[in-house]
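Colleague: Before anything else, here's the structure in question.
The values are calculated or read from the model by the stated rules, or taken from the named source; none is laboratory data. All figures in this text were calculated on a predicted structure; none of them were measured in a lab. Positions of Cβ are backbone-derived with ideal geometry, glycine not excepted, and every protein chain shown enters the neighbour counts. Only protein heavy atoms, including side chains, enter the accessible area calculation; ligands, DNA and RNA are left aside. Shrake-Rupley method; radii C 1.70, N 1.55, O 1.52, S 1.80 Å.
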Amino acid sequence: MRTVDRAKYDFAIAYPDPASVPAVDLAECARLAILEEGSELAVYPHDHGYPPLREYVAYKMARDRGFTISADDVLLADGSSQPNHILIEALVDPGDVVLTEHFVYSGTLRTLARFQADVRGVPTDENGILPDALESAIVLAESHGRPPKVIYTIPTFQNPMGWTMSIERRKAIIDIALRHQIAIIEDDCYVDLRYEGKTIPSIRSLDDAGVVSYVGSFSKITGPGMRLGYVIPPAELTPRLRPIKSGGGVNQFAAWAIHRYAISHLDEHVKKINDIQRIKRDTMLAALGENLGSVAKWSHPEGGLYTWLEMPADADLTATQPEARTVDVGYQPGPMFAPDGRTGNNYARLCYGYNTPDEIREGIARLAEVFDRKGYLDA
Ligand SMILES: Cc1ncc(COP(=O)(O)O)c(C=O)c1O
């Protein structure tokens, strides 16, 4: 999340396209909201966050994610990081087993480490987590008297691997979680960034029993600087989350601006940024083909901000990262996303959201030169 010390060709962090941040419209929305409701700043906001924005989230879930809730079921928070934090604090005690995709978002791994979770990675393929492997991991933990508490998953445009979990897998995972009584955290913060293919129903929409907490964010569709996201927990979990979200509700300025913006401009904006980011994705995938096609593999994400690069097994992309920085290229090596913190040295996450297409081409060419010098391209 740091903004300092960035490479010019910054494939390390998932920033959206900077030129597309809708600054003028957001400013106008904030101005109108302050004129309409400014005197409300004299009082503390609602504990769950600005009610009209929660109503919008409930409307969006029914329209886009296939489940019906009311505004009272929504808790606004800082991005989707804070919802993940709150859920983990509520659900995980030190030593509890948490299962997740082997390679998963490093921010959540850091939060899990803070709460001393015993995090175990489950293998995946291009359709998501492998149900048999998930079941085996659960049975193994149970056999040691340590039934897993939580399954954390990023089912859509997964960070860092880029795949989207198929509907069959989503159903299988719900089924397994219900049979073994395990809570699911569904982190769906990339779902709006679809560049091709059909939307797949949320895991939450398949949940009749109340095991899934759904997490979303406005970061990827307006800008992470807004720091606004939400969690929709199962009803009985809400009272446990409320006290953990300390400091009152979320910032009213941000909530007002996002609410006005969401009801007037957001759908058009999402279409626009998806057109821009589709081109960036295609540019990066083509540049990988031109420069690394003979030795490497990479994922073809239908949306989101990442592709997952696999170099030959002996390539050490952790050791090579500083050398890439000397030619102004940033990326994140595989072990950053490994629940065990060690595996995946020949993998890297490459984000294509921030740079222009020309910069993406130049950055990948530079990266390939570094890999060439290291001997990684000698097939
Ligand atoms: C899967 C996932 N969850 C949560 C976050 C946190 O983002 P934010 O708090 O800005 O919504 C990120 C950021 O990249 C992410 O990739």
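Colleague: Once the other residues with Cβ under 13 Å from the Cβ of Cys29 are scored (Lys, Arg +1; Asp, Glu -1), what is the net sum?
Modeller: -2
Colleague: In addition: Put +1 on the Cβ of every Lys and Arg and -1 on every Asp and Glu Cβ in region 7-138; which of Tyr50, His85, Phe11 then has its Cα farthest towards the positive end of the dipole?
Modeller: Phe11
Colleague: Using a probe radius of 1.4 Å on heavy atoms only, what accessible surface per residue do you get for the chain? Whole Å² is fine.
Modeller: 42
Colleague: Starting from 0.36 nm per residue, how many nanometres of slack lie between Ser264 and His144 once their C-alpha separation is accounted for?
Modeller: Details: separation 120, 0.36 × 120 = 43.20 nm, distance 5.35 nm.
Difference between extended and current length: 37.9 nm.
Colleague: Another one. For region 1-81, which trypsin sites (Lys or Arg not before Pro) pass both filters: DSSP loop (anything but H, G, I, E, B) and at most 16 other C-beta atoms within 10 Å?
Modeller: Arg2, Arg6, Lys8
Colleague: So, counting K/R as plus one and D/E as minus one, what does the shell of residues with Cβ under 12 Å around Asp378 add up to?
Modeller: Counting the neighbours of Asp378, the net charge comes to 0.
Colleague: In region 262-293, which residues have a backbone nitrogen under 18 Å from the label point lying 7 Å from Ala23's Cα in the Cα-to-Cβ direction?
Modeller: Residues 273 qualify, since their backbone N sits under 18 Å from the label point.
Colleague: Which loop-located trypsin sites (Lys or Arg not before Pro) does region 321-372 contain, where loop means any DSSP state but H, G, I, E or B and the Cβ has at most 14 other Cβ atoms within 10 Å?
Modeller: Arg342
Colleague: Here is a follow-up. What nm value, rounded to one decimal, do you get for the distance between Asp47 and Glu168 when each label is placed 7 Å out toward the C-beta?
Modeller: For the pair Asp47/Glu168, the computed spacing is 4.5 nm.
Colleague: For the chain, give the magnitude of the charge dipole about the Cα centre (Cβ charges: +1 Lys/Arg, -1 Asp/Glu; no others), in debye to the nearest 20.
Modeller: 320
Colleague: Residue by residue through region 50-59, what is 3J(HN,Hα) from phi via Karplus (6.51 cos²θ - 1.76 cosθ + 1.60, θ = phi - 60°)? Round to whole Hz and write x for glycine and proline.
Modeller: These are the phi-based 3J(HN,Hα) values: 3, x, x, 6, 5, 5, 4, 4, 4, 4 Hz.
Colleague: For the chain, evaluate the Debye formula with one uniform point scatterer on each Cα (no solvent term) and list log10 I(q)/I(0) at q = 0.12, 0.14 Å⁻¹, rounded to two decimals.
Modeller: -0.93, -1.23
Colleague: Once every DSSP H run of n ≥ 4 in the chain is given -39500 (n - 2.57) and the sum is divided by its residues, what mean residue ellipticity at 222 nm do you get, rounded to the nearest 500 deg cm²/dmol?
Modeller: It comes out at -12000 deg cm²/dmol, rounded to the nearest 500.
Colleague: Separate question: Assuming 0.36 nm per residue, please report the length gained on full extension of the stretch Ala365 to Asp175 beyond their Cα-Cα distance.
Modeller: Contour length minus the Cα-Cα distance gives 63.9 nm.
Colleague: May I ask you to give the average projected area over all directions of the convex hull of the Cα atoms of region 211-347, in nm² rounded to one decimal? Before the final figure, lay out the partial values.
Modeller: Numbers: hull surface 49.0 nm².
Value for region 211-347: 12.2 nm².
Colleague: Suppose the chain between Leu35 and Ile244 were pulled fully straight at 0.36 nm per residue; how much longer would it get relative to their current alpha carbon spacing?
Modeller: Fully extending the segment from Leu35 to Ile244 adds 72.0 nm.
Colleague: Once you compute Rg and the Kirkwood Rh from C-alpha atoms, what is the Rg to Rh ratio for region 43-149? Please list the in-between numbers first.
Modeller: Details: Rg = 17.0 Å, Rh = 16.1 Å.
Value, to two decimals: 1.06.
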